[in-house]
Amino acid sequence: MNTQQPPKEKSQSRWLGPASPIRMPIVPPITAARWLLLLIAAAGVYFFNGFLVPVLAALVIGFASWPIYRDIVRMSNGNTKVAATLALLAILFFIVVPILAAVTYAFDELKVWFRWTLEANRVGAEVPQWITAIPGAGEWLTQQWNKHIAAPGAIGELIQLVSGANIGNIYRAVMAAGGGAFHLLLTLLFMLIALFFVYKDGASFVAQVDLIGERILPNRWERISRVVPATISSTVTGMTLIAIGEGIVLGVAYWIAGVPSPVTFGVITGIMALIPGGAPLSFTLVSTYLVANGQPVHGLALFAWGTVELFIVDKTLRPRLVGGPIKLPFLPTFFGLVGGVKTMGFLGLFIGPVLMALLVAIWREWLREVKDEDTPVIITPDKIDLLPK
């Protein structure tokens with residue numbers, strides 16, 4: 001009776017010798033998977049860093065407007081595509097278009113200033129009456145005006161003195177402004193595309209992030225993940241939207257008071273309103289200009305209106321909209337604005353303070369958790385019976 005022998009394995013030539021039947025990995029699989037995921041994330045950030053700013057802007061807007069988007073989803077019978085389209089159109093027509101119109105009109109007003117500068121450099125310019133009328137500093141400002149602006153060609157000499165050998169770089173920077181505007185429009189387009197998918201797939205994406213976050217921070221993720229949207233929403237509502245509103249309201253007040261270039265000063269006031277104390281400084285300087293220019297009634301009325309408007313916003317509107325805001329100190333707010341503009345351009349005006357508020361919120365949450373852990377538990381005699389035996 002023939003017994004079948006198991007087939008012998010054919011010897012295979014290997015470059016590094018015969019393979020061991022049981023091979024132990026050099027790196028544990030979970031560690032290799034983590035490093036591989038980290039490398040893929042780093043490669044994604046490196047190759048797609050040009051899209052980082054519009055994606056961050058879309059996330060910030062999506063977090064801030066998510067309660068309104070939920071109402072739109074309910075009105076759309078749960079159709080997320082229709083709801084995302086309606087929400088995107090609302091953002092486009094009520095926020096993006098007015099901001100672009102204001103900035104465009106402000107640039108048109110700046111062209112008037114530029115033409116005046118060229119004409120003053122060609123034929124000279126006398127000292128305005130309102131400068132000489134400024135109490136205390138009027139005489140000194142008049143002397144400086146006569147020295148650097150009044151004579152023909154004086155402005156060109158001043159620019160040459162300030163710029164020196166960097167006049168070529170300044171010229172190239174001015175010529176590159178058109179390319180910067182095109183880049184801003186392209187970033188805005190990518191932001192709107194990303195915002196559509198944030199609205200459409202945001203709920204499922206948040207569920208996936210929560211699933212991963214619970215594995216990474218099982219005891220802290222739930223609290224931190226709830227702090228993030230609340231912080232972003234309160235910061236955007238309490239700083240950005242109110243700053244835009246203050247710029248619009250005070251810009252209209254500048255126009256009524258007869259301030260030259262009211263749109264430009266309104267845009268400047270809106271940007272300054274992002275900084276604590278920036279809006280009061282802006283309308284105070286404009287009011288001082290009106291008083292020194294022989295319009296004391298308009299100047300005092302503008303100052304009174306700005307004071308009342310800021311009082312209403314800070315005491316009633318801001319707390320009602322924010323609902324327990326995370327108040328940023330001056331230094332993080334300033335660093336957020338400067339760092340945001342330097343890193344992300346115009347959109348950094350809005351993203352920078354939000355990121356700083358998020359860091360401050362996580363820091364405060366961490367401190368509160370440490371204090372809760374260090375607080376001793378005091379057991380009173382009436383609670384001894386409640387202890388497990």
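Here, each number is a calculation from the coordinates, and none is a lab measurement. Note that the structure is a prediction, hence the values are computed from the model and not measured. As a convention, Cβ positions derive from the backbone with ideal geometry for all residues, glycine included, and neighbour counts pool all protein chains shown.
Brief remarks follow.
- Packing, as the average of other Cβ atoms within 10 Å across residues, places the peptides 125-131, 251-257 in the order 251-257, 125-131, highest first.
- Among 299-311, 60-72, sorting by the average number of other beta carbon atoms lying within 10 angstrom of each residue, highest first, gives 60-72, 299-311.
- The reciprocal of the average 1/r between distinct C-alpha atoms defines the Kirkwood hydrodynamic radius, which for the range 86-136 equals 14.3 Å.
- Distance between the pseudo-spin-label points of ARG364 and THR316 (7 Å out from Cα toward the beta carbon): 2.6 nm.
- Interchain or long-range residues, amide H under 5 Å from SER261's placed H: none
- Calculated FRET efficiency for the pair LEU241/THR343, C-beta based, R₀ 25 Å, to 0.05: 0.70
- At an R0 of 25 angstrom, the distance between the Cβ atoms of ALA230 and GLN208 translates into a FRET efficiency of 0.75.
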